[in-house]
Amino acid sequence: MDKDTIRADITHRLKQLPPTLIAEFSQKIVDSLSSLPEYQSAQTIAAYSPFATEPQIQDFITRATSDGKAVYLPFIDSEGVMEMVRDTVPAKPEDINLIIIPCMAYDPKTFIRLGRGGGHYDIYLEQASTTKIIVAFSLQGVPNLITEQHDISADIIVTENGIQRK
């Protein structure tokens, strides 16, 4: 399957998930994220503001902030470049200790993600040399996902079923 077909298929499947199940799965993901040693040692975390069908990580962001961690969220500037910002102040990729990455699909063997097609995370992840964690629902796992030379693999995948390390 090509990338557009995979995106359409996953989007269809995600829209079938009832909000109560999204909430239940999301809480399991948040609990798993918060238990990671990489989370415990991180001082700066890049996260994301979820769409309705993505893992809802607002509780994770709240917990991280309560734990004294600086949380940065993606912002696309006027030139189409994604930055991670906190209170309108961007962070350099090398200053982020942990990156939480959403996806449309992921390959459970290669830890490569398929995004929404804009390439923003691909470009940002090229510059980041920190722990990269894909968060997704297990139904987004696609074996043998099409990869390209610019794709960056993650170190960890967290779903409602638990934590998977490379």
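Laid out as a table, the results:
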| read-out | value |
| --- | --- |
| Residues that are charged (D, E, K, R) and either within 27 Å of residue 79 (Cα to Cα) or assigned to a helix (DSSP H, G or I) (or both), drawn from the range 109-123 | 113, 116, 122 |
| Tally of residues being touching a strand residue (DSSP E or B) at 6+ places or on another chain (Cβ under 8 Å), surrounded by 15 or more Cβ atoms within 10 Å (Cβ to Cβ) and outside any loop (DSSP other than H, G, I, E, B) across the range 124-151 | 9 |
| Flag if residue 44 is touching a helix residue (DSSP H, G or I) at 6+ places or on another chain (Cβ under 7 Å), more than 27 Å from residue 145 (Cβ to Cβ) and of a type in the set (Ser, Thr, Tyr) | yes |
| Residue in the range 121-130 that is in contact with a Gly (Cβ under 8 Å, 6 or more places away or on another chain) and in contact (Cβ under 8 Å) with a residue 12 or more places away in the chain present | yes |
| Leading residue by the ranking (surrounded by the fewest Cβ atoms within 10 Å (Cβ to Cβ)) among those in the range 1-47 that are outside any helix (DSSP H, G or I) and among the small types (Gly, Ala, Ser) | 42 |
| Residue within the range 71-90 that is of a type outside the set (A, V, I, L, M, F, W, C), closer than 20 Å to residue 158 by Cβ and exposed (fewer than 15 other Cβ atoms within 10 Å of the Cβ) present | no |
| Residues within the range 54-68 that are over 13 Å from the mean Cα position of the chain (by Cα) and either buried (at least 19 other Cβ atoms within 10 Å of the Cβ) or among the β-branched types (Val, Ile, Thr) (or both), tallied | 3 |
| The range 50-68, subset outside any helix (DSSP H, G or I) and in contact with a Phe, Trp or Tyr (Cβ under 8 Å, 6 or more places away or on another chain), residue nearest to residue 30 (Cα to Cα) | 57 |
| Some residue of the range 83-91 being in a strand (DSSP E or B) and closer than 16 Å to residue 3 by Cα | no |
| Residues (in contact (Cβ under 8 Å) with a residue 60 or more places away in the chain and aliphatic (A, V, I, L, M)) located in the range 2-21 | 6, 10, 14, 17 |
| Subset of the range 93-152 (residues that are on the phi > 0 side of the Ramachandran plot and modelled with pLDDT under 95) | 117, 119, 144 |
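The values are calculated or read from the model by the stated rules, or taken from the named source; none is laboratory data. Everything numeric here is computed off the predicted structure, so don't read it as measured data. Backbone-built Cβ (ideal geometry, glycine too); neighbour counts: all protein chains shown.
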